[in-house]
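First the structure, in the form of structure tokens, and then the observations on it.
Just so it is clear, none of the values below were taken in a lab; they were calculated from the coordinates. Note that this is a predicted model, so its numbers are computed, not measured. Here the Cβ positions follow ideal geometry from the backbone for every residue, glycine too, while neighbour counts run over all protein chains shown.
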Amino acid sequence: MDDKQKPDLWEEMKLLQGIIHKFDEFSFRIKNWFLTIFVAIVGYSIVQNKPSLLVLNFLVIFIFYAYELTYRTSHNDFLRRFREVQNLLNGTLQIDDGNRGPAIDKYLFDVEGINLLGPYARIMLKAGVKDERAKRNIRESRFIFHNLRLAFFQFRVSLVYVFALVANLAFIIYMLIAGHASDSGSVV
């Protein structure tokens, strides 16, 4: 690598670090909002003694988990580019036209090979979504549905949602049993 390319790569690396940090902060905010809404629904359903309200939490869990996974697609792209820049600076990877920096758009909006022939794409296009945005939506959807099992095992991402799912089930069972026990006790 020549000395002229190193400063560009260092600048790109600094930029990528800031972007990755922002994605981590946003993920933290998503989890905070999720926990706030989750606890509010649990608290309200306990106070009102309505276990049926806890069913709403399953929808909340799914929506917030899917929302966070859409951000993980771009986050993973930036992490991949960050590692590539590290390897370029370390000399373990040679610079060529495919990895010459700065190439952030290539990694963030990599929609090559995504066609707009499927039913999901046709629905988006009829709704007025532009081609490039439709391709990015398809890419994010593929990440969510095809890589869901991989993301499930990334505990940094999914542990809060898995815990909430289990806790919600436990609250439902407890409230149904406790409600049933109190109903049978009041009959006497």
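Distant-in-sequence amide contacts of V129, defined by a placed amide H-H separation under 5 Å and a gap of 5 or more residues or a different chain, comprise nothing.
Going from the fewest other Cβ atoms within 10 Å to the most, the residues Y65, Y120 appear in the order Y120, Y65.
Under 21 Å of direct C-alpha separation, and excluding same-chain neighbours fewer than eight residues apart, K6 reaches these lysines: K14, K106.
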